[in-house]
Amino acid sequence: MDQQTDTGLERKLPTNTKAYFIKLGERGFWEKKCLKDGTLWFGYNETPHDMCLRGDWGGVQAFWKIVRKKEGTASNDARQIRTFYEADEHSIFITFHGGYLWWCKPKGRAAVIEDDARLRQTVDGWKRESIGGDPLIISRLSGKLTKTQMFRGTICEVAERAYLLRRINDEPTPEVAVAEEAEVILRARILAMVQLLDPKDFELLVELIFSSSGWRRQTRTGGTQKTIDLDLLLPTTGERAFVQIKSKTSGKEFESYAKDFRDTDAHARMFFVWHTGKVNVEPTEQITLWGPDEVPKMVLEAGLLSWLKDKAS
């Protein structure tokens with residue numbers, strides 16, 4: 001997006017930041033343009049612009065009461081219009097588009113544009129990442145927040161404001177923070193148990209991890225091929241990979257297996273898995289490394305903690 005900047009350079013949003021959801025046009029008609037240009041477009045085209053600039057919100061409500069015929073509806077209209085005109089740089093607007101939550105800070109006065117729609121600029125465009133650059137993917141956000149997009153009007157306050165600000169600021173909820181601390185301890189304990197396994201049980205553990213994610217073994221574990229402990233197939237894509245498993249290893253040993261992998265085209269990917277030792281090599285698109293940091297995480301994600309406890313007991 002032309003108006004996006006490096007969010008990693010920004011300061012965190014204060015906890016008293018006001019947050020509003022805005023629907024950018026009927027059925028999102030203006031979404032792409034606004035997100036690209038870093039602007040906010042707003043309807044209510046009939047609203048007297050000069051009345052809004054004067055802050056005559058009683059007059060605006062009276063105007064819409066004539067149009068709507070209902071006091072409550074006119075009051076709601078006036079509230080949304082006032083928010084669009086008066087929200088400042090200490091506020092944020094959010095919207096949802098393309099699988100992401102987007103947010104921006106409004107700035108400047110509202111202006112009348114084509115078809116009497118209203119336009120406001122933003123501080124530095126719309127963003128779909130947190131302050132630290134983490135993508136704000138809708139599927140990874142709380143449903144309590146994402147249900148805001150079902151609002152039938154144009155602008156409303158975000159009920160889950162505290163949660164929203166924490167996500168933008170990369171701050172976990174207190175409950176998540178406690179859980180993350182506990183998980184760090186648990187992973188260390190898992191690694192200690194993994195290191196108690198004999199090589200055959202470690203190979204079996206790795207095989208179970210891959211099986212849980214859909215990979216199918218094509219040859220028996222620990223076969224006679226010197227560079228392959230597991231020959232795997234992912235049925236959904238037809239991708240083939242081989243896995244080399246070592247209880248203890250080194251960078252030099254890894255390089256010998258990596259060379260063998262690069263010298264053949266029989267497999268699209270290589271996994272190198274170990275629990276003790278250091279391999280100071282950056283992974284590539286074709287070569288994945290699972291070492292002491294990754295293996296405990298995989299055990300948890302595969303639901304194999306009980307299996308591991310039984311084996312390590």
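Here is how the numbers come out for the structure above:
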| read-out | value |
| --- | --- |
| Proxy reagent accessibility, fewest Cβ within 10 Å first, across Tyr44, Tyr163 | Tyr163, Tyr44 |
| Cubic angstrom per residue, convex hull over Cα atoms of the stretch 7-168 | 113 Å³ |
| Share antiparallel - DSSP beta bridges, the stretch 7-168, percent rounded to 5 | 85 percent |
| DSSP-assigned coil residues among GluC sites (Glu not before Pro) in the stretch 184-292, each with at most 15 further Cβ atoms within 10 Å | Glu285 |
| Viscosity 0.692 mPa s, 37 °C: Kirkwood-radius Stokes-Einstein D of the stretch 105-178 over Cα pairs, µm²/s | 224 µm²/s |
| Length-normalised contact order for the chain - Cα pairs under 8 Å, 6+ apart - percent | 15 percent |
| Helix-only [θ]222 nm of the chain, DSSP H runs n ≥ 4, -39500 (n - 2.57) each, per residue, nearest 500 | -11000 deg cm²/dmol |
| Residue order, fewest to most surrounding Cβ atoms within 10 angstrom, among Met298, Met193 | Met193, Met298 |
| Percent of beta bridges antiparallel (DSSP, the chain, rounded to nearest 5) | 65 percent |
| Antiparallel DSSP beta bridges within the stretch 223-285, as percent of all bridges there, nearest 5 | 40 percent |
| log₁₀ of I(q)/I(0) at q = 0.09, 0.15, 0.16 Å⁻¹ - the chain, Debye sum with one point per alpha carbon | -0.66, -1.10, -1.19 |
| Of the DSSP H helices in the chain, those whose Cα atoms cover at least 15 Å axially and whose Kyte score averages -0.5 or more | 57-68, 174-194, 199-212 |
| Cα extents of the stretch 197-312 along the three principal axes, largest first (Å) | 40, 33, 26 |
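Read the figures in this text as sums done on the coordinates, not as results from a lab. Being a predicted model, the structure only gives us computed values, none of them experimental. FYI the Cβ positions are ideal-geometry reconstructions off the backbone, even for glycines, and counts take in every protein chain you see.
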